[in-house]
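The values are calculated or read from the model by the stated rules, or taken from the named source; none is laboratory data. Everything numeric here is computed off the predicted structure, so don't read it as measured data. Methodologically, a virtual Cβ is constructed for each residue, glycine included, from the backbone with ideal geometry; neighbour enumeration extends over all protein chains shown.
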Amino acid sequence: MAADKIPGDRPAAHRSRRKSSKKCLNAFCICLFAAAATACIAALTFGLVVLRVKTPTVKLTSVAVKNLHYGFSPTPFMEATLTGEITMENPNYGAFEYEGVRNVTLIYYGVVVGIGEVKRLSVNAKSIEKRKFIVKVKPNWRFVNVDYFSDDLARLKTMNMSWNAEFEGKIYLLKLFKEKKISVMKCSTSLNLTSHGVQNLCHLITTAMADKEQVKPLASATAELRSDDHIFLPPPPKLNLYRNKYIKCCGCFSALLLILAVIGIVLGFTVFHIKTPDIKIDSLSFPNDTLSSNSGIIVVASVSVRNPNVASFKYSKASTKIYYHNKVIGEGETPPGEVKAKDTLKMNVTVKIEPWKIDDASSLIKDWNSGALSISSYTEIPGRVKLLGAIKKNYLVKISCSLTYNSKSKTIQRQDCDQRVRISV
């Protein structure tokens, strides 16, 4: 009979390379999932920090009197030229721009008494820009309350007025995204007719469409606006509420995606990670004690299959071969079966050794009678693990053992096993 090479007899260096490749593959998978989780967190942080658009704030920082004239003949009158400066702060990571000219309106007891123009303004990301404007004030006694006007000119020597402005523009992010924003400014001032100075510069409103708080005056000199001045009021609170709900929904959705990604990664490495079934030859027994050239000997191999997965391991018929001097001297099979999840199945494989079928039968009988029979076994079990009806892996588990059996003491003196697995999807 021709010599048969033992399938499981591989050099130690080859087995070491296989283990090293498996470790590298596991490390690569871990790094890949870690990179995916990091990218998800980075994208969420980038969306909540960089791509979150805030409304620029506008403030009236200074007002000065350029010239002022007032009197009572023939009727109360007052003419003045005021110069002001506004400051706009852009908290976003993209530039804020608005087209055309925006008006800064001066109101006295609900009547517009002056309008200043602020030309096109562009504020870079995370920066502050300032613009100056000029307002010519000329109250008309036919529209303003004459009693209030006369009392302010004659007795108080002070005129309490309010400023209103609305800046509508767009925020540009990464040259790809743009969003419309409206900043509204409202403040109050007191014009001293004696010193020609502007006092009590208080901001009533520096708000935007996305703010929640309702507008409350910060100064006692609150201007009463007419019905046609509604264009200077901040947007309705409902718009703010809808916008905040939209931001919260996006944040919750992103957080949910991140949580699901983390859960998926954890389940992928734990529950849904298909592990290799472990096969072990527990023992080899020889029921009969004599071996001759005319009579064979029975070898019973006790094999245990441990399934570490959460799904069952179904295998087809398993085969076991016995080798002596790299020659097959016996072969046995077991029927197909199934190992339940997280369970261990034990089975016996019976192999009959027939010495007369090999050339060196005398050497086999001599080793048996001397009490030191060195043989090898090779077991092969093909099977499949299937999770959730979709995730499946096919395994071909191979285990080879070399041992020395003492026929006199009926014990195995030395046993060395090596298991290898071939995986296919």
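When the criteria are applied in full, Lys138 meets the requirement of being more than 24 Å from Val53 (Cα to Cα), at pLDDT below 85 and assigned by TED's automatic domain parsing to the domain that holds His196.
Screening Lys321 against (1) surrounded by 13 or more Cβ atoms within 10 Å (Cβ to Cβ); (2) modelled with pLDDT of 85 or more; (3) under 30 Å from Leu267 (Cα atoms) leaves a single unmet condition, (3).
Taking the criterion of being surrounded by fewer than 14 Cβ atoms within 10 Å (Cβ to Cβ) and polar (S, T, N, Q), the only residue of region 128-155 that qualifies is Asn140.
Taken over region 152-168, the criterion of being at pLDDT 85 or above and over 16 Å from Ala80 (Cα atoms) is satisfied by Asn164, Ala165, Glu166, Phe167, Glu168. Scanning region 111-138 for residues that are touching a Ser or Thr at 6+ places or on another chain (Cβ under 9 Å) and of a type in the set (S, T, N, Q) returns no hits. The residue of region 139-167 that is nearest to Phe96 (Cα to Cα), among those that are of a type in the set (Asp, Glu) and touching a Ser or Thr at 6+ places or on another chain (Cβ under 8 Å), is Glu166. Every condition in (1) modelled with pLDDT of 90 or more; (2) polar (S, T, N, Q); (3) out of contact with any helix residue (DSSP H, G or I) (no Cβ under 8 Å at 6 or more places or on another chain) is met by Thr105 except one, and the failing one is (3).
You will find that of Thr379, Thr344, Thr404, the residue that is out of contact with any Gly (no Cβ under 8 Å at 6 or more places or on another chain), of a type in the set (Ser, Thr, Tyr), modelled with pLDDT of 80 or more and over 22 Å from Asn326 (Cα atoms) is Thr344 and no other.
Please work out if Ala80 is closer than 30 Å to Thr194 by Cβ, out of contact with any Phe, Trp or Tyr (no Cβ under 6 Å at 6 or more places or on another chain) and of a type outside the set (Val, Ile, Thr). So Ala80 passes the test. Applying the criterion of being part of a loop (DSSP other than H, G, I, E, B) and surrounded by 11 or more Cβ atoms within 10 Å (Cβ to Cβ) to the residues of region 291-305, the residue that is modelled with the lowest pLDDT is Ser293. Looking only at region 368-375, decide whether some residue is surrounded by 13 or more Cβ atoms within 10 Å (Cβ to Cβ), in a helix (DSSP H, G or I) and either in contact with a helix residue (DSSP H, G or I) (Cβ under 9 Å, 6 or more places away or on another chain) or assigned by TED's automatic domain parsing to the domain that holds Pro355 (or both). Within region 368-375, one or more residues are surrounded by 13 or more Cβ atoms within 10 Å (Cβ to Cβ), in a helix (DSSP H, G or I) and either in contact with a helix residue (DSSP H, G or I) (Cβ under 9 Å, 6 or more places away or on another chain) or assigned by TED's automatic domain parsing to the domain that holds Pro355 (or both).
Of everything in region 74-105 that's among the β-branched types (Val, Ile, Thr) and more than 30 Å from Glu179 (Cβ to Cβ), which residue is surrounded by the most Cβ atoms within 10 Å (Cβ to Cβ)? Top of the filtered list is Thr81. Exactly one residue out of Gly71, Gly110 is surrounded by fewer than 18 Cβ atoms within 10 Å (Cβ to Cβ), in contact with a Leu (Cβ under 6 Å, 6 or more places away or on another chain) and farther than 26 Å from Lys181 by Cα: that is Gly110. What are the pairs with Cβ atoms under 9 angstrom where one residue, in region 114-127, is in the same structural domain as Glu79 (by TED's automatic domain parsing) and touching a residue at least 40 places away in the same chain (Cβ under 8 Å) and the other, located anywhere, is surrounded by 14 or more Cβ atoms within 10 Å (Cβ to Cβ) and aromatic (Phe, Trp, Tyr)? Sequence gap at least six, or different chains. Between residues of region 114-127 that are in the same structural domain as Glu79 (by TED's automatic domain parsing) and touching a residue at least 40 places away in the same chain (Cβ under 8 Å) and residues that are surrounded by 14 or more Cβ atoms within 10 Å (Cβ to Cβ) and aromatic (Phe, Trp, Tyr), the close pairs are Val118/Phe133; Val118/Phe167; Leu121/Phe96; Leu121/Tyr98; Leu121/Phe167; Val123/Phe96.
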